[in-house]
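The values are calculated or read from the model by the stated rules, or taken from the named source; none is laboratory data. Predicted, not measured: the structure shown is a model, and the values here were computed from it. Quick reminder, even Gly has a Cβ in these numbers, built from the backbone with ideal geometry, and neighbours come from all protein chains shown.
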Ligand SMILES: NC(=O)c1ccc[n+]([C@@H]2O[C@H](COP(=O)([O-])OP(=O)(O)OC[C@H]3O[C@@H](n4cnc5c(N)ncnc54)[C@H](OP(=O)(O)O)[C@@H]3O)[C@@H](O)[C@H]2O)c1
């Protein structure tokens, strides 16, 4: 019986333990498994958060024995895990590890995975509960889902975690949804957006809804505008094939940026259940006005300098078309047509090869109506800004006007930073740990729902649709800067500017 | 790990060490203070820093150009605890970046990621800038204010012509100019007689003498000749042979002078006109 329904567990302060289960990783020979999934499992094992009766079944076509797989995963844990390597912890995890080399989708009825899972149930007591993790290329999602559905067993629960991207436009997302829905109910489907697993993103909800002082000012009356930035200083890291098709709009905007927007703008949910939270997020997406071409700026990086090193232009990256029109930068001005936010612009931007890695949400408040210090403050006094740092350094900053020490009444903007030091301090859980654990617990709050994904794609389709009518002049920003000049114009037209850096 | 991540990590680790109660730590800052400090200027630049902390809690980034020696960027980062009296202390982050080879020509690519967002960035440029160099151009683009001390330069007054070329791109201020303030007050006291001044004689740094003369020329719209004798600080000023009583105001320390410059954020038209009238 799960601990949640155990009356004795009440008041013990013990976190819910997931049911016994087997985690089946499709794409177990790939990069994600090695860099994120197995290190996350190790971190969970390290903290005793995995169910006692647990197994990991890795599936991929690459031939290798379980022994080899385990040995590779040991190396991966040593390299990528956030905790020190402990043989006893890894061995407990490794005891339940199996690798099945098969083309799952085309195994001519020879269900090697099913057989292994039966064995695992018998040996490890995993009770027929299955958490399927689709860490395969997106093209393989539909067929793997179909096979899973067809082979679904009666006993135990079955859930499926689907990696991003979920489709590459509205039509393909709907198609994939239909394929998934045929075999799995919505509460069995966990669409990953790993941003939602980040501590600070959850902290944003805590900040907004656990503090009486923020909600009353979180609206059009007091907020001048909101800026959300997802900036990366890295290039495409050899992923030309994927990036050429995706661009920043599919890689970052459709999922991470829109998620951050929804969490910033949503109404307080009635509780923190998956549906209550997601209902509110969907409402925000539905209230979003489709931006016209004048509200969208795309760009692509040219050569430049990053941290004292020269870097090549996007079109010079290996595997990229020398005349590529793929955007590596995007800035969009959005409006949410509801009572809270009418006429308050949300400026979103994301890009590669920008000056630094930074994900932030900046709530810029309106200026004080009549500062009596006007003459002396000069431009030393800026409007108040509440800045939520999502990465790399997690925390919250508040820009306030304060008096300069000494004689006179000189006012200056002071930044008060509350820094959690997340990325630079050990001990903050990786997003995947939280997400895998939640999926085992059946809690979908931090996953994207079908209607949410659809709303996101509608917006993306509208923006991309307009692009087919014009021919951008790329490259239009130097690597290492803050994006194209046109993106600055987007705000200057409104008498605003991007947060300075 | 890139150099920027390395710096942030070092700073975060040191901040954590000072906060072992798990409470997120608080950092207050008003500016990012960038210091372009070629090796021979570095010790002096470091000394000035200590006096700045109270009025201007800042992140300081020393850029030490080492052109021609290897390539790449090396970084040190330290969180300093400056005692400011009454048992109070100010935490200040100090980053030192050694820019080797080509990196010395492209400082913006390391400075930009390390600026504290939303706050003004000042660059104190030690020594005389290479006016046509890409380093100066990049700094002008990413910082809001350039602070120089023209008494550190040779080749005056010609260099003022180069400096004036920057006025449209960045707010410039000059510590030499700030140093002349008490003397400007004293000279202003001589109004209206001073209206007819023909010759100013200054014993002091050449920069200070040129700026004072430029100031009189531009304010009075008059051709004022300069007689100059070198001295470490302005010790004597004469107007058409008549000695000006030394100002009572005590002159500020190096840190005090810089700190005063950091308080102002907007262009100073009086200074700009004075520079333009130095005879460059
Ligand atoms: N890596 C990341 O950091 C990251 C981040 C976000 C999202 N994702 C998503 O995660 C998924 C996996 O990414 P990855 O980086 O791990 O990719 P990857 O390194 O290319 O690995 C893909 C895995 O899928 C298997 N595979 C390839 N084609 C297949 C097919 N047609 N049918 C079944 N299995 C197939 C491969 O193994 P065999 O060839 O041995 O079968 C391999 O194990 C993708 O959907 C990606 O978009 C990854």
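Each residue in segment B:248-271 was checked for being over 15 Å from residue B:208 (Cα atoms), more than 14 Å from every other protein chain (Cβ to nearest Cβ) and crowded, with 18+ Cβ neighbours inside 10 Å, and 1 of them qualify. Based on this model, can you work out whether residue A:121 counts as surrounded by 15 or more Cβ atoms within 10 Å (Cβ to Cβ), away from chain B (no Cβ under 14 Å), within 16 Å of the ligand (Cβ to nearest atom) and more than 30 Å from the chain's Cα centre (by Cα)? Here the answer is no, as residue A:121 does not meet what is asked. When segment A:161-195 is filtered for residues that are outside any loop (DSSP other than H, G, I, E, B) and either within 13 Å of the ligand (Cβ to nearest atom) or within 14 Å of chain B (Cβ to nearest Cβ) (or both), the ones remaining, listed by number, are A:161, A:162, A:176, A:191, A:194, A:195.
Within segment B:14-43, residues that are outside the structural domain of residue B:97 (by TED's automatic domain parsing) reach no partner that is part of a helix (DSSP H, G or I) and at pLDDT 90 or above with beta carbons closer than 8 Å at six or more positions or on different chains. If you check residue A:144 against the conditions, is it touching a strand residue (DSSP E or B) at 6+ places or on another chain (Cβ under 6 Å) and part of a helix (DSSP H, G or I)? It is true that residue A:144 is touching a strand residue (DSSP E or B) at 6+ places or on another chain (Cβ under 6 Å) and part of a helix (DSSP H, G or I).
Residue B:155 fulfils the conditions (1) in contact (Cβ under 8 Å) with a residue 40 or more places away in the chain; (2) in a loop (DSSP other than H, G, I, E, B); (3) surrounded by fewer than 21 Cβ atoms within 10 Å (Cβ to Cβ) except for a single criterion, (1). Assess whether residue A:126 counts as being away from every other protein chain (no Cβ under 14 Å) and within 16 Å of the ligand (Cβ to nearest atom). Judged against the criteria, residue A:126 is not a match.
Can we say residue A:120 is within 20 Å of residue A:437 (Cβ to Cβ), in contact with a strand residue (DSSP E or B) (Cβ under 6 Å, 6 or more places away or on another chain) and part of a helix (DSSP H, G or I)?
Values: within 20 Å of residue A:437 (Cβ to Cβ): yes; in contact with a strand residue (DSSP E or B) (Cβ under 6 Å, 6 or more places away or on another chain): yes; part of a helix (DSSP H, G or I): yes.
Yes; evaluated as a whole, the condition is true for this residue.
Criterion applied to A:300, A:227 was being at pLDDT 95 or above, under 30 Å from residue B:2 (Cα atoms), within 14 Å of chain B (Cβ to nearest Cβ) and away from the ligand (no atom under 16 Å from the Cβ), and the one residue passing it is A:227. A single entry from B:209, B:280, B:274 fulfils the requirement of being surrounded by 14 or more Cβ atoms within 10 Å (Cβ to Cβ), in a helix (DSSP H, G or I) and in contact with a helix residue (DSSP H, G or I) (Cβ under 8 Å, 6 or more places away or on another chain): B:274. Of the residues making up segment A:476-501, those that are in contact with a helix residue (DSSP H, G or I) (Cβ under 8 Å, 6 or more places away or on another chain), in a loop (DSSP other than H, G, I, E, B) and away from every other protein chain (no Cβ under 12 Å) number 1.
Conditions (1) assigned to a strand (DSSP E or B); (2) touching a helix residue (DSSP H, G or I) at 6+ places or on another chain (Cβ under 6 Å), marked per residue:
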{"site": "A:34", "(1), (2)": "no, yes"}
{"site": "A:56", "(1), (2)": "yes, no"}
{"site": "A:73", "(1), (2)": "no, yes"}
{"site": "A:76", "(1), (2)": "no, yes"}
{"site": "A:85", "(1), (2)": "no, yes"}
{"site": "A:108", "(1), (2)": "no, no"}
{"site": "A:114", "(1), (2)": "no, no"}
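If you go through segment B:127-136 and keep only what is crowded, with 18+ Cβ neighbours inside 10 Å, in a helix (DSSP H, G or I) and touching a helix residue (DSSP H, G or I) at 6+ places or on another chain (Cβ under 9 Å), you end up with just B:135. Just to verify a result, which residue in segment A:417-455, among those that are within 14 Å of chain B (Cβ to nearest Cβ) and over 24 Å from residue A:84 (Cα atoms), is modelled with the lowest pLDDT? Residue satisfying both the conditions and the ranking: A:419.
The residues of segment B:109-120 that are more than 7 Å from chain A (Cβ to nearest Cβ) and part of a helix (DSSP H, G or I), listed by number, are B:111, B:114. Output the residue which, of all residues in segment A:91-107 that are without any contact (Cβ under 8 Å) to a residue 40 or more places away in the chain and more than 15 Å from the ligand (Cβ to nearest atom), is surrounded by the most Cβ atoms within 10 Å (Cβ to Cβ). Among those that are without any contact (Cβ under 8 Å) to a residue 40 or more places away in the chain and more than 15 Å from the ligand (Cβ to nearest atom), it is A:94. May I ask you to verify whether residue B:88 is surrounded by fewer than 22 Cβ atoms within 10 Å (Cβ to Cβ) and at pLDDT 90 or above? So residue B:88 fails the test.
Residue A:146 - would you say it is within 16 Å of the ligand (Cβ to nearest atom) and either at pLDDT 90 or above or within 14 Å of another protein chain (Cβ to nearest Cβ) (or both)?
yes
Filter segment A:93-111 for residues that are more than 17 Å from residue A:26 (Cα to Cα) and at pLDDT 95 or above and give the result. Selection gives A:93, A:94, A:95. On inspection, residue A:137 passes the criterion of being out of contact with any helix residue (DSSP H, G or I) (no Cβ under 7 Å at 6 or more places or on another chain), within 15 Å of the ligand (Cβ to nearest atom) and either on the phi < 0 side of the Ramachandran plot or not assigned by TED's automatic domain parsing to the domain that holds residue A:261 (or both).
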